[in-house]
Amino acid sequence: MGEIKIVIGDPKTGKSYQKTIDGTPLYGKKIGDKIDGSILGLKGYELEITGGSDIAGFPMRFDLNLAGRKKILLSKGPCVKIKRKGMKKRKTVAGNTIYEQTAQINTKIVKYGEKNIEEIFGKEKKEEEK
């Protein structure tokens, strides 16, 4: 099925970690939803979805309730840079729901488990280097 890259942000240290998984258990989840870390092999952790992008690189927008892309007129917020007062831009963005075309999901840790996250991801990097 479709693989999704999960970027896990650690608010305590400011570091982020990346893991690729099969995305089927995440389909239908929205930005702001909390997911169990055991899906990613992080026992005891709880993660909150903060954003993401689809396979073409279009960013997910939190206030667009759909699973797919849409061209919308934006005046503020993420996905748009406003250079003049009163300026609006029509941009293609992805909705806030995870679906088959989603390539990356950004998350942050809400609840920590018993094992340190740096130990979990640090071991993987050391094994790959050998």
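Some observations on this one:
- No other residue among Ile117, Ile109, Ile105 is under 18 Å from Thr13 (Cβ atoms), crowded, with 18+ Cβ neighbours inside 10 Å, touching a helix residue (DSSP H, G or I) at 6+ places or on another chain (Cβ under 8 Å) and not hydroxyl-bearing (Ser, Thr, Tyr) apart from Ile109.
- Residue match in the stretch 63-70 (condition: over 23 Å from Asp10 (Cα atoms), touching a residue at least 12 places away in the same chain (Cβ under 8 Å), in a strand (DSSP E or B) and out of contact with any Leu (no Cβ under 9 Å at 6 or more places or on another chain)): yes
- Test: residue in the stretch 47-60 that is touching a residue at least 60 places away in the same chain (Cβ under 8 Å) and surrounded by 13 or more Cβ atoms within 10 Å (Cβ to Cβ): yes
- Taking the criterion of being outside any strand (DSSP E or B) and of a type in the set (Ser, Thr, Tyr), the residues of the stretch 1-38 that qualify are Thr13, Thr24, Tyr27, Ser38.
- Hits in the stretch 2-21 - residues which are in contact (Cβ under 8 Å) with a residue 12 or more places away in the chain and not charged (D, E, K, R): Gly2, Ile4, Ile6, Val7, Ile8, Gly9, Pro11, Thr13, Tyr17, Gln18, Thr20, Ile21
- Looking only at the stretch 20-31, and only at residues there that are farther than 10 Å from Thr97 by Cα and not β-branched (Val, Ile, Thr), the one that is surrounded by the fewest Cβ atoms within 10 Å (Cβ to Cβ): Asp22
Read the figures in this text as sums done on the coordinates, not as results from a lab. Just so it is clear, the model here is predicted, and its values are computed rather than measured. Glycine also receives a Cβ, built like all others from the backbone with ideal geometry; neighbour counts cover every protein chain displayed.
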